[in-house]
Each structure stands twice: as structure tokens, then as C-alpha cells.
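The values are calculated or read from the model by the stated rules, or taken from the named source; none is laboratory data. If you're wondering where the values come from, they're calculated on a predicted model, not measured in any experiment. Positions of Cβ are generated from backbone atoms using ideal geometry, with glycine treated the same way; all protein chains shown enter the neighbour counts. Please note that ligands, DNA and RNA were not included when accessible areas were found on the heavy atoms of the full protein model with its side chains. Shrake-Rupley method; radii C 1.70, N 1.55, O 1.52, S 1.80 Å.
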Amino acid sequence: ILLTKLYIPPSRSNVVLRPHLIERLNEGLQRKLILISASAGFGKTTLAAAICQDDRVLDAFDDGILWVTLGQTPHLLNELIKLHAALTGERPGFVDVEDAARELALKLESKNCLMVIDDAWRAAHVMPFLHGGAGCARLITTRLFEVAVDARRLDVDEMAPAEATQLLLTRADIT
């Protein structure tokens, strides 16, 4: 079994988990493409990292978890090469993004993994990561729903008062 974890942000002790969102996200991963959307600072990446630590997810994706962070101006070729290297241990000199995306798709074909595409800003940036791997699920975090309109959408909104209080107490180390 290949267990690949390519930069998954570590679990932090001062995070307040929102179980209702974890449950909805876990259910949504069965559909193979889910998008977490929210404004800045609402915990998209934290939620994605938490789901990557969930035992049910680790059991469901026995070929592991791949993580890529895009940002506003990603270097797509480098990110595709990193994922390819995580799967194969090799860093080929791809000609361009299309070449790298095609090869990554081929390597994903027989895999059962979760690919997290964090901080996506444009649909064109996400597209190279969506090919191949019928057994693979994709989880996209973004502020913009338009980056993957075909994805099942999980909107993250402000915390409930009890969650916000818990977060403040945890971060102040009063609990």
C-alpha cells in the first residue's frame, strides 16, 4: 500500500472542530468531487486538514492523500510535478502543464486516493488536477464557487456562538 501525504497541514491543538461540517464533508467525498467555499478566515484549509486526519478518510483512501496549495498565482507545472513525484518517486522534465497533467492522470488511474486542491482561485488552475483516477476523490478549497461548478458544494459560514467561544478559550489556553 502506498500512503502518500504531500504537505498536509498538521493538526493544531487549538482548533475547534466543527463535527457537523466534518460529517457533511465525509459524506460528500463519496461523490468524488467536493468544494469547500467560504470567505477568508472561515477555516477552509483547517477543515480540509481535519478531514485528512479522520480515520474514515484514511481507511477509505488506501492509496493515500495528495495535497496541493495553489494560491492566486500558482506555478501549475511545479505543483503537478510534485504530485507526480509523490506517486512515483520520479521528477520527470515535463514539457508543459498539459504534458504533466496527462502523465499525472495516467499515474492516478489505478489509485484510490484523495487529492486536496487548496486555495484555488480560478477554474483554469484546477482543471489540470481533475483528470484521471476514477477511484480518486478531489476536495477543493476556495473563496469562489466558480472554480468547480460541477462539485458538490459545502459552504462554511461563521461559527455558532458556542464554537466561537470555544475557539477563543482554546487559543487563550483557558480551557
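Assorted remarks:
- Solvent-accessible area per residue for segment 70-141 (1.4 angstrom probe, square angstrom): 43 Å²
- Percent of Cα pairs exceeding the 20 Å cut-off, where the set is segment 59-137: 24 percent
- Sulfur and carbon atoms: percent of accessible area, segment 39-93 [1.4 Å]: 46 percent
- Gained length - GLU98 relative to PHE145, 0.36 nm times residue gap less alpha-carbon distance: 14.5 nm
- Computed from the C-beta positions of ASN78 and ALA124, the FRET efficiency with R₀ = 25 Å rounds to 0.95.
- Pairwise label distance in nanometres, THR88 with THR45, each label 7 Å out on the Cα-Cβ vector: 2.9 nm
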